[in-house]
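Participant: Provided herewith is a single structure, encoded as structure tokens, for subsequent inquiry.
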């Protein structure tokens, strides 16, 4: 496994072809891939009328990386987080970028301008083989760990009228990708070693990324 930074790209090489589950713009659902990529974007890249998926496909073609699973983020990719957790010999590696400029609280919608592109993008590589059912459960553990970390970062939200609406639980454009070897294990929940490893690495990466974003916001405000 290698993580390579070549701004505006960040690349997570999984070390081998793996099954990957995500809702990424370019290759959603169950696919086979060796790389997960981040493409940093700015307002000038994505206008209000631009088809973001077509634009991303063009960028990937220019990089000869059509087979990769790809995220879009306005977060400076140099601020990525990489963490790892090992439980009972099962290793989970997380690479994440965390931006909260379009933070949301689940069950609500905060009206924001179209150029509020901040997002949380999380990729996890698991050493343990899973079935497709197991991969689905692994994705839920990642989402749970992300939400716990964002809640612990304690970013308060306000409605347009200025009324407090609680703390953020994520953003409106979060995306997750989980990769694992093909296996027969149908379960990766909180009572399993795989689930514990996934939760630990994602929580640490997301919390640190959120805390860094909050510091950066204060510095540049």
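The values are calculated or read from the model by the stated rules, or taken from the named source; none is laboratory data. Keep in mind it's a predicted model, so treat the numbers as computed, not measured. Neighbour counts are summed over all protein chains in view; Cβ atoms, including those assigned to glycine, are modelled from backbone coordinates with ideal geometry.
Participant: With respect to residue 22, is the statement that it is crowded, with 18+ Cβ neighbours inside 10 Å and at pLDDT below 95 true?
Facilitator: Values: crowded, with 18+ Cβ neighbours inside 10 Å: yes; at pLDDT below 95: no.
No, not satisfied.
Participant: OK, next. Take the residues of segment 59-73 that are under 15 Å from the mean Cα position of the chain (by Cα) and over 10 Å from residue 33 (Cα atoms): which is surrounded by the most Cβ atoms within 10 Å (Cβ to Cβ)?
Facilitator: Among those that are under 15 Å from the mean Cα position of the chain (by Cα) and over 10 Å from residue 33 (Cα atoms), it is 71.
Participant: Hey, any hits in segment 44-62 for a residue that's under 24 Å from residue 137 (Cα atoms) and at pLDDT 90 or above?
Facilitator: Going through segment 44-62, the residues under 24 Å from residue 137 (Cα atoms) turn out to be none.
Checking segment 44-62: not a single residue is under 24 Å from residue 137 (Cα atoms) and at pLDDT 90 or above.
Participant: Another question, if that's okay. Out of (1) surrounded by 12 or more Cβ atoms within 10 Å (Cβ to Cβ); (2) farther than 18 Å from residue 132 by Cα; (3) in contact with a strand residue (DSSP E or B) (Cβ under 9 Å, 6 or more places away or on another chain), the odd one out for residue 28 is which?
Facilitator: The failed condition is (2).
Participant: Given the conditions (1) under 22 Å from residue 41 (Cα atoms); (2) surrounded by 20 or more Cβ atoms within 10 Å (Cβ to Cβ), and given that residue 93 satisfies all but one, which numbered condition is not satisfied?
Facilitator: So the condition that residue 93 fails would be (1).
Participant: Inspect segment 120-135 for any residue being more than 13 Å from the chain's Cα centre (by Cα), at pLDDT 95 or above and more than 22 Å from residue 20 (Cα to Cα) and give the result as yes or no. Spell out the reasoning first.
Facilitator: In the first step, residues of segment 120-135 are kept if they are more than 13 Å from the chain's Cα centre (by Cα); the result is 126-135.
When the remaining residues are screened for being at pLDDT 95 or above, the result is 126-135.
Cutting the leftovers down to more than 22 Å from residue 20 (Cα to Cα) gives us none.
Within segment 120-135, not a single residue is more than 13 Å from the chain's Cα centre (by Cα), at pLDDT 95 or above and more than 22 Å from residue 20 (Cα to Cα).
Participant: Only one residue in 43, 26 is out of contact with any helix residue (DSSP H, G or I) (no Cβ under 6 Å at 6 or more places or on another chain), in a loop (DSSP other than H, G, I, E, B), more than 14 Å from residue 124 (Cα to Cα) and touching a residue at least 40 places away in the same chain (Cβ under 8 Å), so which one is that?
Facilitator: Details: 26 fails: out of contact with any helix residue (DSSP H, G or I) (no Cβ under 6 Å at 6 or more places or on another chain).
None of the other options fit; the residue is 43.
Participant: Further, regarding this structure: Which ranges mark the strands (runs of 3 or more DSSP E) fully within segment 121-221 that have 3 or more residues being surrounded by 15 or more Cβ atoms within 10 Å (Cβ to Cβ)?
Facilitator: Details: elements: 156-158, 164-167, 175-180.
So the answer is 175-180.
Participant: Spot the failing condition for residue 61; the list is (1) farther than 21 Å from residue 96 by Cα; (2) part of a strand (DSSP E or B), and only one is missed.
Facilitator: Result: residue 61 passes all but (2).
Participant: Check whether at least one residue in segment 72-85 is within 11 Å of residue 9 (Cβ to Cβ) and without any contact (Cβ under 8 Å) to a residue 40 or more places away in the chain, and report yes or no.
Facilitator: no
Participant: Looking at residue 83 and the list (1) part of a loop (DSSP other than H, G, I, E, B); (2) closer than 20 Å to residue 178 by Cα; (3) touching a strand residue (DSSP E or B) at 6+ places or on another chain (Cβ under 9 Å), which single condition is not satisfied?
Facilitator: Among (1) part of a loop (DSSP other than H, G, I, E, B); (2) closer than 20 Å to residue 178 by Cα; (3) touching a strand residue (DSSP E or B) at 6+ places or on another chain (Cβ under 9 Å), residue 83 violates only (1).
Participant: Which residue is farthest from residue 7 (Cα to Cα), if the candidates are limited to segment 64-79 and must be touching a helix residue (DSSP H, G or I) at 6+ places or on another chain (Cβ under 8 Å) and not in a loop (DSSP other than H, G, I, E, B)?
Facilitator: Among residues in segment 64-79 that are touching a helix residue (DSSP H, G or I) at 6+ places or on another chain (Cβ under 8 Å) and not in a loop (DSSP other than H, G, I, E, B), the one farthest from residue 7 (Cα to Cα) is 70.
Participant: Now for a different question. Could you tell me whether any residue of segment 98-119 is touching a strand residue (DSSP E or B) at 6+ places or on another chain (Cβ under 8 Å) and within 27 Å of residue 182 (Cα to Cα)?
Facilitator: So far as segment 98-119 goes, no, none of its residues is touching a strand residue (DSSP E or B) at 6+ places or on another chain (Cβ under 8 Å) and within 27 Å of residue 182 (Cα to Cα).
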